[in-house]
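Asks: Below are the structure tokens for one structure; questions will follow.
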Amino acid sequence: MKNNFDILIIGGGHAGSEAAWISSQFDLKVGLISGPGATLASTPCNPAVGGVGKGQVVREIDALGGLMGIVADKAGIQYRTLNESKGFAVQSTRVQVDKELYTKYAEELLSQRDNLSIIREMVKSVRKENDSFIIETESGKTFESKKVIVTTGTFLAGKLHTGEEQNAGGRVECKESVGLNDLFADIKTTPNRFKTGTPPRIDRKTINYSVMEPQESDYSTRNFHSLSEPFERSSEQVACYLTRTNSETLSIIRANKERSPIFNGQIKGVGPRYCPSIEDKAFRYTEKDVHHVFVEPEGLNLETIYPNGVSTSLPKDVQESFIRTISGLENAKILVHGYAVEYDVVDTSELSRLMEYKSIPGLFFAGQVCGTSGYEEAAGQGIVAGINASLAFLGKDPLVLDRNDSYIGVMVEDLVTNKRDEPYRLFTARSENRLYVREDNTIQRMNKYRKVLGLSGKLDFYQESILDEVEILEKLIEETMYYATTPSNKVYFAEKEYGTLENNISLKELLRRPNLNPVKVLEAECLKVGASFNLDVIRTVAIAAKYEGYIDRAVIESEKINRMSKKRIDWEILADSKNISFECKLRIKTIRPETFGQLQRIEGIRPATLAYVAGNLV
């Protein structure tokens, strides 16, 4: 007997949970299949949400109607604003979460969706019959669905490494799934498997915090979910601590190189360049022995502490030796040893920007199975896949996020435009338009995409009210509020430390002064005239005014590029052209770009090819 669904998601991590959450909002019959021993939306590595570039993604997910921001606010136990000393454009929110509370709240919210069924089974195979997919589980059950989203994370043929010890699994104490080619025979994988790792977990009672630098929670950091009370915390707030490695730490690691699975050939998978293990650091930066170690709690009631910065797959005895050389960890007791995991990854050049497998319509992929690292990247792909699977089922036009106004758009295009040879991590530097793609203006950037979904609820009413307030305040600061060069205004400027007042200026011009914090100034000036605005509105209008000149120049340059980048191309014509090199044609056949911009971003495409296409085919 088959169980029929409109949308079926395989894997209940962050990508799968987002896909299930958003798909269920379309009133479709949705199924979420997750292994019996795996909790939903779990945080098996560092239990933290957000970070540089990643905080922007969480807010974009939230603006689209996603789950991550809601759950992070409920489970957050420490809030920080990263890059606070730098410009507003690169400031990002990071929240340490209680890993038990996080998955608890995620499961509660998903379970409350009447049209969403959570199925605890291990999937054995997926095949397509006519216009439907047939999913078989290890227990012998069969499911049928028009659309399938694969979000299996690190579980596909997962193998764990701790020194010479090797065990099958997607993460510690969880069973692995079959390999990707066994799951679905026609799927292309990357030539190399990928690898990720995690540090040992330490007993909190054996840590000497008095010699470490405390980092308290910041109550001025805004919650992620736009409908949450901005600065109200749902959980108890705790400190994290900073300590460092030293020459003794790195000496022990370097002395055991031949016992490291990374260097002795045991691990074949490719690890993340931007999130290296402590072994990678030891041999990549041989002149450096001091590395930050952030000592972070995994939960309010858990005994385990996460030493962020010392991910390792070294043998257990070596882990215990080097950990105890770190200040404050001299008596540390390891409760769970660090390990690396190797797993299968889909070739993302076979995916469209909808996260759909090009040659198998109706089959979508999202998350770490696509070669990304990070909960936020996974969740961002999950919501894109969930939205597009739902829209496709309903016969509606797809949703494509533009890289010029969203970090999710940047990530998706980066993934599908090139073959991945290492795990992908999102940074603010990956966005060509990062002065505009900020946390504070997420609603302005993402509302047009939310409208495409055709949904209606509290989130939509809130976003419309914010956009209305922004428009009113923008007109107010530009057309109504100004300062004439009167004696009283000059005294007022001196008292407020606004600088001199030599000419009549608008409030907007005042906000642009380099020595002033535009948010504090606008908040004070609105209060002075009795104008009441949402704090989020004040923040985004103030920052937009501050950056306006830079953004306008960037937009002009961007529009020049975009006019050409968005022009459609026929990759099959390019692949047959006698005016393009054999090597470039091979890359074009592999990636199958749809626009000139995608062609530009293919690694290895020669300038002569771009010049020929620009001059003759677009």
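Asks: Quick one: Y449, Y482, fewest Cβ neighbours within 10 Å first, how do they rank?
Replies: Y482, Y449
Asks: Sorting check: for 356-367, 516-527, 295-306, which peptide has the highest mean count of neighbouring beta carbons within 10 Å, and how do the rest follow?
Replies: Order by mean packing, descending: 356-367, 295-306, 516-527.
Asks: Which entry is the computed Kirkwood radius over Cα pairs in Å for this structure: (i) 26.0; (ii) 29.5; (iii) 27.7?
Replies: (i)
Asks: Okay, moving on. If each residue of separation counts as 0.36 nm, what is the full-extension length gain between R259 and N489 once their alpha-carbon separation is subtracted?
Replies: Answer, rounded to one decimal: 75.6 nm.
Asks: Hey, fewest Cβ within 10 Å first, where do Y285, Y339, Y79, Y547 land in order? Each step should come with its number before you reach the end.
Replies: Working: Y285 12, Y339 27, Y79 24, Y547 20.
By the 10 Å Cβ count, ascending: Y285, Y547, Y79, Y339.
Asks: Note down the magnitude of the dipole of the range 25-74 about its Cα centre, charges +1 on Lys and Arg C-beta and -1 on Asp and Glu C-beta and zero elsewhere, to the nearest 20 debye. Before the final figure, lay out the partial values.
Replies: Numbers: 4 positive and 4 negative charges, 20 e Å.
Once rounded to the nearest 20, the dipole reads 100 debye.
Asks: Per residue of the range 85-92, what does 6.51 cos²θ - 1.76 cosθ + 1.60 with θ = phi - 60° give for ³J(HN,Hα)? Whole Hz please, x for Gly and Pro, Karplus curve as stated.
Replies: Each residue's phi maps through the Karplus curve to give 7, 9, x, 4, 5, 10, 6, 9 Hz.
Asks: Please name which of L455, V521, T500 has its Cα lying farthest along the dipole of the range 427-530 towards the positive end, using unit charges on Cβ (Lys, Arg +1; Asp, Glu -1) and the Cα centre as origin.
Replies: After comparing all options, I get L455.
Asks: Picking from I252, G328, N208, whose Cα lies most toward the positive end of the charge dipole for the range 198-342 (charges on Cβ: Lys, Arg +1; Asp, Glu -1)?
Replies: Selected residue: I252.
Asks: Grab the Cα-Cα distance for F427 and V452, subtract it from 0.36 nm times how many residues apart they are, and report the gain in nm with one decimal. Please report the intermediate quantities before stating the final value.
Replies: Values: separation 25, 0.36 × 25 = 9.00 nm, distance 2.69 nm.
So the chain would gain 6.3 nm between F427 and V452.
Asks: Please give every one of the aspartates and glutamates within straight-line cross-link reach of K578, meaning a C-alpha to C-alpha distance under 19 Å, and leave out same-chain neighbours fewer than 8 residues apart.
Replies: Hits, sequence-local ones excluded: D570.
Asks: For the pairs K128/K448; K257/K333; K546/K567; K419/K448, flag any whose C-alpha to C-alpha distance is greater than 26 Å.
Replies: As for pairs spanning more than 26 Å Cα to Cα, those are K128/K448; K546/K567; K419/K448.
Asks: I've got another one for you. With +1 on each Lys and Arg Cβ and -1 on each Asp and Glu Cβ, and nothing else charged, work out how big the dipole of the range 198-342 is about its Cα centre, in Debye to the nearest 20.
Replies: Once rounded to the nearest 20, the dipole reads 500 debye.
Asks: Continuing with the same structure: Under a Cβ-Cβ cut-off of 10 Å, what is the net charge of the residues other than I477 that fall near it, where Lys and Arg count +1 and Asp and Glu count -1?
Replies: Net charge in that neighbourhood comes out at -3.
Asks: Shifting gears a bit: Kindly write out, for the range 36-44 in residue order, the coupling ³J(HN,Hα) from the Karplus curve 6.51 cos²θ - 1.76 cosθ + 1.60 (θ = phi - 60°), rounded to whole Hz, with x marking Gly and Pro.
Replies: My calculation for the range 36-44 gives x, x, 9, 6, 6, 6, 6, 10, x Hz in order.
Asks: Here is a further query. How do the peptides 141-150, 328-337, 18-27 rank, highest first, by the average count of neighbouring beta carbon atoms within 10 Å per residue?
Replies: Going by the mean number of other Cβ atoms within 10 Å, highest first, we get 18-27, 141-150, 328-337.
Asks: Using each residue's phi in the range 285-299, evaluate 6.51 cos²θ - 1.76 cosθ + 1.60 at θ = phi - 60° and report the 3J(HN,Hα) Karplus result to the nearest Hz, with x for Gly and Pro.
Replies: 10, 5, 7, 10, 10, 9, 10, 5, 10, 9, 8, 10, x, 8, x
Asks: Give me L586, L476 sorted ascending by neighbouring Cβ count inside 10 Å, so fewest comes first.
Replies: In order of increasing Cβ crowding within 10 Å: L586, L476.
Asks: Next question, about the same structure. Taking 30 Å as the cut-off for C-alpha to C-alpha distance, list the pairs among K141/K589; K195/K358; K281/K566 that go past it.
Replies: Pairs exceeding 30 Å: K141/K589; K281/K566.
Coordinate-derived values only; no laboratory data. Owing to the predicted nature of the structure, the values given are computational and were not obtained by experimental measurement. When we count neighbours, we look across all protein chains shown, and the Cβ atoms used for this are built from the backbone with ideal geometry, even at glycine.
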